[in-house]
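The values are calculated or read from the model by the stated rules, or taken from the named source; none is laboratory data. On a predicted model such as this, the values are computed, not experimentally measured, just so you know. As a convention, Cβ positions derive from the backbone with ideal geometry for all residues, glycine included, and neighbour counts pool all protein chains shown. Calculation scope for accessible area: heavy atoms of the full protein, side chains included, ligands and nucleic acids excluded. Shrake-Rupley method; radii C 1.70, N 1.55, O 1.52, S 1.80 Å.
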Amino acid sequence: MPNRFLGVDTSNYRTSAAIYDAACGAWQNEGSLLSVPEGAIGLRQSDALFQHTVRLHEKIEALPEGAVRAVGASTRPRAVEGSYMPCFLAGESVARSAAHLLSVPFYAVSHQQGHIAAAALSAGRLDLLDGPFLVWHLSGGTSELLLVRPGEDGLPDCACIGGTTDLAAGQLIDRAGALLGLSFPSGAALDELALAAAPEKGFSPKVSECRFSLSGMQNQIESRKEKLSAQALARFTLETVANAVVRATGQALGAQPYPVLCAGGVMASRIIRARMQSSFPAVSFAEPALSGDNAVGAAVLAARLYERDKK
């Protein structure tokens, strides 16, 4: 029987399903962004859940046919008490049903744990999951610096040691994109604009004990809208986020000198990646295809849990 695993993830903005081959490390992810009305910067959970329900079967049908040893799915945003979003019910329901019909194990993971596993796979550093390391999870709704250790349940145990105290980096980027008339989510388009601008220092948010606030940065961006070109404003936004992330990383490494892994859609920004690589050459990144929301991480974790349970 092939050593394949099915992963499913129905996050707030992307429907995805993936096959991971644990024997060779190959993967295939089928995903697409949810439809967001023009001018809007988000979706109601009921609308997200409906779109996932309509589209998920298409993603699974696009995967290569064949037997799987186990099924994994993201069932909540984080592995902490009270973490819940209705949109994950679509993926969990389909994944549990598939596992039952196939008579294979089902493994529930968090969306954040999936991001970490996908980033580790993409960076060629699955070994990180076996020891302590630091992870940046920067996305549309999350901007956390995590200390990750192997959990007793076999999944990454994440303790938040830094990040934003209010507005997430992805939210700031999307709001800047909305000011510039970009479609939501606007991270990729904002990055393209920023790359066309001259070097820009950005604003330097105060960072204390690896934590910082980004809510005031929106005012900084809005006040510059009439003074800067679209390219310069995009660069200012991303350099501002990079300033905070780089300083927080330096503070964390001063206390806990562990390897650093970067995950989440915001970390696909070439501006932020370049700043991080310049400051910390040993940092590991997910490739852009696995930086954003995907189901590969859920499949990778299902494979690891399956092998653990066999012993």
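Pairing residues of the range 14-25 that are closer than 22 Å to ARG44 by Cα and open to solvent by 20 Å² or more (accessible area, probe 1.4 Å) with residues that are among the acidic types (Asp, Glu) and not in a strand (DSSP E or B), at Cβ distances under 6 Å and at least 6 apart in sequence or on separate chains, gives ARG14/ASP293. Taken over the range 113-147, the residue count meeting the criterion of being under 26 Å from ASN243 (Cβ atoms), touching a Gly at 6+ places or on another chain (Cβ under 9 Å) and not hydrophobic (A, V, I, L, M, F, W, C) is 8.
Scanning the range 131-147 for residues that are at pLDDT 95 or above and not in a strand (DSSP E or B) gives GLY131, PRO132.
Checking each residue of the range 281-295 against the condition of being of a type in the set (D, E, K, R) and under 29 Å from LEU56 (Cα atoms) gives at least one match.
Please state which one of SER35, SER74 is open to solvent by less than 40 Å² (accessible area, probe 1.4 Å) and either under 23 Å from LEU301 (Cβ atoms) or part of a loop (DSSP other than H, G, I, E, B) (or both).
The conditions single out SER74.
Residues in the range 289-301 include at least one that is in contact (Cβ under 8 Å) with a residue 60 or more places away in the chain and among the acidic types (Asp, Glu). Checking GLN231, GLN251 one by one, the residue that is touching a Gly at 6+ places or on another chain (Cβ under 9 Å) and either outside any helix (DSSP H, G or I) or open to solvent by 60 Å² or more (accessible area, probe 1.4 Å) (or both) is GLN251 and no other. Among the numbered conditions (1) closer than 30 Å to GLU38 by Cα; (2) under 24 Å from the mean Cα position of the chain (by Cα); (3) among the aromatic types (Phe, Trp, Tyr), the only one that PHE203 does not meet is (2).
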